[in-house]
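S.K.: Shown below is the structure under consideration.
The values are calculated or read from the model by the stated rules, or taken from the named source; none is laboratory data. Just so we're clear, the structure is a prediction, and the values are computed from it rather than from any experiment. Cβ placement follows ideal geometry from the backbone for every residue including glycine, while neighbour counts extend to all protein chains displayed. SASA here: full protein model, heavy atoms, side chains in, ligands and nucleic acids out. Shrake-Rupley method; radii C 1.70, N 1.55, O 1.52, S 1.80 Å.
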Amino acid sequence: MPWSTFRQFTPLVWIVILGTFMVRTSYYMVWPFLSILLYREYDLSATLIGLLLGGSAALSTLVSFYGGWLSDRFGRHSILLGGCLVAMLCFGLLGFSHSVLWLGVGVMGSGLASGLIDAPGKALMADSLASAKARELALHLRYFLLNLGAALGPLLGVTLGINAQQETFLFLATSYLLLWVAFGWGFRRAGSSHSHGAAGPGLRDAIKVLLADRAFLLLVMANLLMVLVYSQFHSPLVQYLTRAGMPQVAELVALLVATNALTVVLLQFPLLRLLSRWPVRVRLHIGMALFLAAQLLFAAGDPLVRSHWFGAVLLLSIGETILFPLLNVLIDQMAPGHLKGSYFGASALAGLGSAVGALLGGWILEQWSGQLLFLLMALLCVAIFWLYERGARLRHPAAAVSEPSSN
């Protein structure tokens, strides 16, 4: 990727990219240990902890569309700064409060803040870069640093000895304060073109455009199913290995997770360079073929033989490295300029596949077997192929809709 593409990045683009890295790293320094804190200090049950954390993730997913639309309607400036303030308040509550009620408000509010920041941030990058190649590189770089932050955060938290301590949430609140300051500086530097845009479409109009764009709806459905398939790598796979009597299962799971993280971090940009001349559609097919191969290998292998698990996770991870950043590129290509936030926000509904996948995977394991679970996931991969192909052949009506006037 030529360095001239990086030179197209505006200060606001760098703030979104580097701010994502800073916040994600500090987030994973403390958030993975929240369940330990809630159990050890407040004696909450596993069910209640699960409801809080799952509810926060679900709220983030559901609010993302509304947050994206608000940024189309009232401008990225107001919503991003407001989202940072909500995050500061919620993580401040988690740092200072000793009431279970207020801690619950803080946990749920963190999901609200995420929904107000993620989609508008990606839309802001799309607004700021005229070149499609530059937007693609920016989305890939954001995804790379997001994963790097998720890998470094827990390690730093343990190394620095700040994990599972309530006061460390103030460190995360400080990260959002710095991001708020950076956005304020960036928007002032960019001037009125970013700070105060014309009012965007109303919520009903935005929903009408989204529902009319069948290609986009098929993409969201395919993405939701793909996330559902990918989610089997986490809780259901661990349950399967445990039920099968795999010796030293905790050590194996840790190594598989590390394999996944290292593959994504090490191969993302080499693969981007290797596949950059290939059409998006071909790259999509390659990624899904790797997902399908991984599910078949998961289903066919002996649960007690370690080697094929690493092979399956490697295939899955390479597919993830190709697919996940590419989906944001596809959404950017589909979305009309005045609805970038709404499209990125609506696409976040695919995250519901993770919650459904964990529940469905556990149920299939309990009722039948791990082999059947992964064979069903392989069939879902075939269905995803069909949805992507069907969507690619449809015209995108949203792209033809004229942008609204300012009155």
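S.K.: Carbon and sulfur together cover what percent of the accessible area of the chain at a 1.4 Å probe radius?
M.R.: Working: 12270 of 18050 Å².
For the chain, the apolar C and S fraction of the accessible surface comes to 68 percent.
S.K.: Shifting gears a bit: Remind me, relative contact order of the chain in percent, using alpha carbon pairs under 8 angstrom and six or more residues apart? Before the final figure, lay out each step's value.
M.R.: Numbers: 598 pairs, mean separation 108.2, N = 407.
Taking the mean separation of contacting Cα pairs over the length of the chain, I get 27 percent.
S.K.: Give the range of the longest stretch in the chain that excludes all trypsin sites (Lys or Arg not before Pro) found in loop regions by DSSP and having at most 13 other beta-carbon atoms within 10 Å.
M.R.: Working: sites that count: 7, 277, 393, 395.
Here the longest run is 8-276.
S.K.: In addition: What accessible area, in Å² to the nearest ten, does a 1.4 Å probe give for residue 25?
M.R.: Roll a 1.4 Å probe over it and residue 25 shows about 20 Å².
S.K.: OK, next. Treat each spin label as a single point 7 Å out from the Cα along the C-beta direction, and report the residue 244 to residue 393 distance in nm.
M.R.: 3.8 nm
S.K.: Could you state the number of Å between the C-alpha centres of segment 33-91 and segment 276-348?
M.R.: Between the Cα centre of segment 276-348 and that of segment 33-91, the gap is 26 Å.
S.K.: Quick check: residue separation of residue 349 and residue 251 times 0.36 nm, minus the Cα distance between them. What number comes out in nm?
M.R.: On the way: separation 98, 0.36 × 98 = 35.28 nm, distance 3.31 nm.
Additional length available on full extension: 32.0 nm.
S.K.: Rg/Rh for the chain: what does it come to with C-alpha atoms and Rh from Kirkwood? Write out the running numbers ahead of the final one.
M.R.: On the way: Rg = 21.2 Å, Rh = 22.1 Å.
A ratio of 0.96.
S.K.: Go through segment 90-102 residue by residue and turn each phi into a ³J(HN,Hα) via Karplus (6.51, -1.76, 1.60, θ = phi - 60°); whole Hz please, and just put x for glycine and proline.
M.R.: Those phi angles translate into 5, 6, x, 4, 5, x, 9, 6, 10, 9, 4, 4, 6 Hz.
S.K.: Rounding to the nearest 20 debye, state how big the charge dipole of segment 30-147 is about its Cα centre with +1 on each Lys and Arg Cβ and -1 on each Asp and Glu Cβ. Don't jump to the answer; show the numbers that get you there.
M.R.: Values: 7 positive and 6 negative charges, 65 e Å.
For this selection, approximately 300 debye.
S.K.: Tell me, in nm to one decimal, what length is gained between residue 78 and residue 159 on full extension, where the rule is 0.36 nm per residue of separation less the Cα-Cα distance? Don't jump to the answer; show the numbers that get you there.
M.R.: Working: separation 81, 0.36 × 81 = 29.16 nm, distance 3.69 nm.
Additional length available on full extension: 25.5 nm.
S.K.: Still on this structure, please answer the following. Report the extension gain between residue 307 and residue 203 in nm, rounded to one decimal, defined as 0.36 nm multiplied by the number of residues separating them, less their alpha carbon distance.
M.R.: Details: separation 104, 0.36 × 104 = 37.44 nm, distance 5.12 nm.
Length difference between fully extended and current span is 32.3 nm.
S.K.: Can I ask one more? About its Cα centre, what dipole magnitude does the chain give when the only charges are +1 on Lys and Arg Cβ and -1 on Asp and Glu Cβ, stated in debye to the nearest 20?
M.R.: Values: 24 positive and 16 negative charges, 233 e Å.
Dipole of the chain, to the nearest 20 debye: 1120 debye.
S.K.: Under a point spin-label approximation (7 Å from Cα along Cα-to-Cβ), what is the residue 369-residue 132 distance to one decimal in nm?
M.R.: 4.7 nm
S.K.: Segment 102-128 to segment 230-271: how many Å between their Cα centroids?
M.R.: Segment 102-128 and segment 230-271 have Cα centres separated by 28 Å.
S.K.: Using Cα pairs closer than 8 Å and at least 6 residues apart in sequence, work out the relative contact order for segment 247-396, in percent.
M.R.: On the way: 107 pairs, mean separation 45.0, N = 150.
Relative CO of segment 247-396 lands at 30 percent.
S.K.: Rank 185, 180, 31 by accessible area, highest first, at a 1.4 Å probe radius?
M.R.: Greatest to least solvent exposure: 185, 180, 31.
S.K.: Still on this structure, I have one more. Of 321, 174, 159, which has the most accessible area and how do the rest follow, probe 1.4 Å?
M.R.: Numbers: 321 5, 174 70, 159 100 Å².
Putting 321, 174, 159 in descending order of accessible area: 159, 174, 321.
S.K.: Also, I was wondering about something else. Only Lys, Arg, Asp and Glu count, each charged at its Cβ (+1, +1, -1, -1), so figure out the dipole size of segment 123-243 about its Cα centre, rounded to 20 debye.
M.R.: On the way: 9 positive and 5 negative charges, 42 e Å.
Computed about the Cα centre, the dipole is about 200 debye.
S.K.: A further question follows. Using the heavy atoms of the protein chains and a 1.4 angstrom probe, tell me the accessible area per residue for the chain in square angstrom. Don't skip to the end; give the middle numbers.
M.R.: Working: 18050 Å² over 407 residues.
The answer is 44 Å² per residue.
S.K.: Let me ask something else. List the relative contact order of segment 1-136 as a percent without decimals, with contacts defined as Cα pairs under 8 Å and 6+ residues apart.
M.R.: Working: 126 pairs, mean separation 47.7, N = 136.
It comes to 35 percent, rounded to a whole number.
S.K.: Separate question: Can you figure out the FRET efficiency of residue 189 with residue 235, using R₀ = 51 Å and their beta-carbon distance, to the nearest 0.05?
M.R.: Values: r = 44 Å, r/R0 = 0.87.
Taking R0 as 51 Å, the efficiency between residue 189 and residue 235 is 0.70.
S.K.: Provide the solvent-accessible area of residue 9, counting protein heavy atoms only and rolling a 1.4 Å probe, rounded to the nearest 10 Å².
M.R.: Rounded to the nearest 10, that gives 20 Å².
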